Amino acid sequence: MTRRAVVAGLGTYVPQKVLTNQDLEQIVDTSDEWIVSRTGIKERHIAEPGETTSMMAAKASVRALADAGLVAEDLDFIVCATNTPDTIFPSTAARVQHQLTSKPIPGVDVQAGCTGLIYGMEMASALIQSGSYRNVLVIGADKLTSITDYEDRTTAVLFGDAAGAFVLQGREDTGRGILASYLQADGRGEDLLVQPAGGSKLPASAETVAARQHYLKMNGNETFRFAVKAMPEAVEEGLKKAGLGVEDMTLLVPHQANLRIIDAAVRRFELDPSRVVVNIDRYGNTSVATIPVALQEAREQGRVHDGDVVVLCAFGAGLTWGSNVIRWGR
């Protein structure tokens with residue numbers, strides 16, 4: 001008897017405050033034309049100063065549970081993908097559990113750059129397939145503005161804040177659910193996308209603060225070159241593991257990091273734009289939250305149907321890359 005993880009619920013949370021390209025023109029040496037031509041981004045949503053990653057994650061989780069017709073007490077495990085935890089420890093997963101319910105629930109954080117959501121979905125799928133857990137909450141939440149350097153014109157324009165959550169549920173003998181995943185990591189690219197200080201390598205000090213090393217740093221050109229190769233590989237290899245081809249893919253939901261990267265994948269696969277979800281123009285790069293936010297919008301637009309083959313794919317710091325292949329439906 002085959003047991004598979006199906007998507008029983010999906011919920012998202014996006015802060016209300018909007019930071020436009022025109023706003024950024026007042027903060028850093030940039031322009032709307034420069035930002036749009038290089039990234040496709042027009043605006044992004046920004047969390048309030050007191051709004052933490054765990055708070056956003058909990059709000060998305062409540063909506064995902066409602067979508068699944070469950071309550072927090074029904075959960076057996078929490079996987080939280082994030083690159084901006086409230087604190088290094090305790091985990092953001094534990095903080096979310098506390099905000100959702102007084103019932104103890106096991107949980108763990110996953111840190112795999114912007115690919116963390118993809119990793120989290122596969123980990124949850126494996127937990128469900130083991131038979132040990134039935135209802136697993138998978139969260140992707142980041143407050144990237146907390147590590148964005150608004151004096152760096154190359155990165156200040158890219159990032160926003162958001163959270164998304166999936167409720168995965170074990171079902172027996174179903175054709176729906178996560179069919180396959182493809183995960184990769186290569187530490188040779190560790191310096192291309194990094195927050196240099198704050199860990200054991202460079203603990204916080206007056207020197208690291210003065211050097212602005214607690215902010216995100218990125219080699220944009222090299223990251224772009226990596227991404228245009230990694231994203232198509234993740235899609236093709238994920239589909240191959242599922243016994244499918246690109247022609248079987250109904251909808252591609254890529255990580256929303258740069259419109260030119262997404263366009264490169266569209267050209268590679270000769271996809272009709274209707275088969276690709278793009279919303280980077282209104283949200284920017286929200287890291288692990290980009291995929292659930294984009295997928296939820298696609299659902300609301302009536303673009304996701306029962307039986308569709310939906311492919312989630314991402315790349316990120318590590319360097320990491322990967323995909324989940326899902327046959328949609330409960």
| field | Residues of the range 33-79 that turn out to be hydroxyl-bearing (S, T, Y) and touching a strand residue (DSSP E or B) at 6+ places or on another chain (Cβ under 6 Å), as a count | value | 2
| said: Which count do you get for residues in the range 78-119 that are in contact (Cβ under 8 Å) with a residue 60 or more places away in the chain, open to solvent by less than 30 Å² (accessible area, probe 1.4 Å) and not in a loop (DSSP other than H, G, I, E, B)? | reply: 9
| task | Hey, could you check the range 190-239 for residues that are touching a residue at least 12 places away in the same chain (Cβ under 8 Å) and charged (D, E, K, R) and say which is farthest from L319 (Cα to Cα)? | result | R212
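Yes or no, residue by residue, for (1) touching a helix residue (DSSP H, G or I) at 6+ places or on another chain (Cβ under 7 Å); (2) under 23 Å from L193 (Cβ atoms):
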| residue | (1), (2) |
| --- | --- |
| G284 | no, yes |
| L295 | no, no |
| Q301 | no, no |
| F315 | yes, yes |
| said: Restricting to the range 1-29, give me the number of residues that are open to solvent by 20 Å² or more (accessible area, probe 1.4 Å), in contact (Cβ under 8 Å) with a residue 40 or more places away in the chain, in contact with a helix residue (DSSP H, G or I) (Cβ under 8 Å, 6 or more places away or on another chain) and outside any strand (DSSP E or B). | reply: 1
| request: Please work out which one of (1) of a type in the set (S, T, Y); (2) more than 22 Å from H305 (Cα to Cα); (3) in contact with a strand residue (DSSP E or B) (Cβ under 9 Å, 6 or more places away or on another chain) is the condition T250 fails and give its number. | output: (2)
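How many of the residues making up the range 235-260 are farther than 19 Å from G164 by Cβ and open to solvent by less than 10 Å² (accessible area, probe 1.4 Å)? Break it down into steps so the answer makes sense when it comes.
Of the residues in the range 235-260, the ones farther than 19 Å from G164 by Cβ are 235-250, 258-260.
With open to solvent by less than 10 Å² (accessible area, probe 1.4 Å) added as a condition, the list becomes 235, 238-239, 249.
Of the residues in that region, 4 qualify.
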| note | Among residues of the range 273-312 being within 30 Å of R188 (Cα to Cα) and part of a loop (DSSP other than H, G, I, E, B), the residue most open to solvent (accessible area, probe 1.4 Å) is V278
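Do we find that F315 is under 25 Å from L144 (Cβ atoms) and assigned to a helix (DSSP H, G or I) in this structure? Working first, answer last.
Working: under 25 Å from L144 (Cβ atoms): yes; assigned to a helix (DSSP H, G or I): no.
So F315 fails the test.
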| task | Could you tell me which residue of the range 30-73 is surrounded by the most Cβ atoms within 10 Å (Cβ to Cβ), considering only residues that are within 30 Å of Q169 (Cα to Cα) and of a type in the set (S, T, Y)? | result | S61
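The values are calculated or read from the model by the stated rules, or taken from the named source; none is laboratory data. Owing to the predicted nature of the structure, the values given are computational and were not obtained by experimental measurement. Note: ideal-geometry Cβ built from the backbone for every residue, glycine included; neighbour counts use all protein chains shown. Side chains are part of the model used for accessible areas, which takes the heavy atoms of the whole protein and leaves out ligands, DNA and RNA. Shrake-Rupley method; radii C 1.70, N 1.55, O 1.52, S 1.80 Å.
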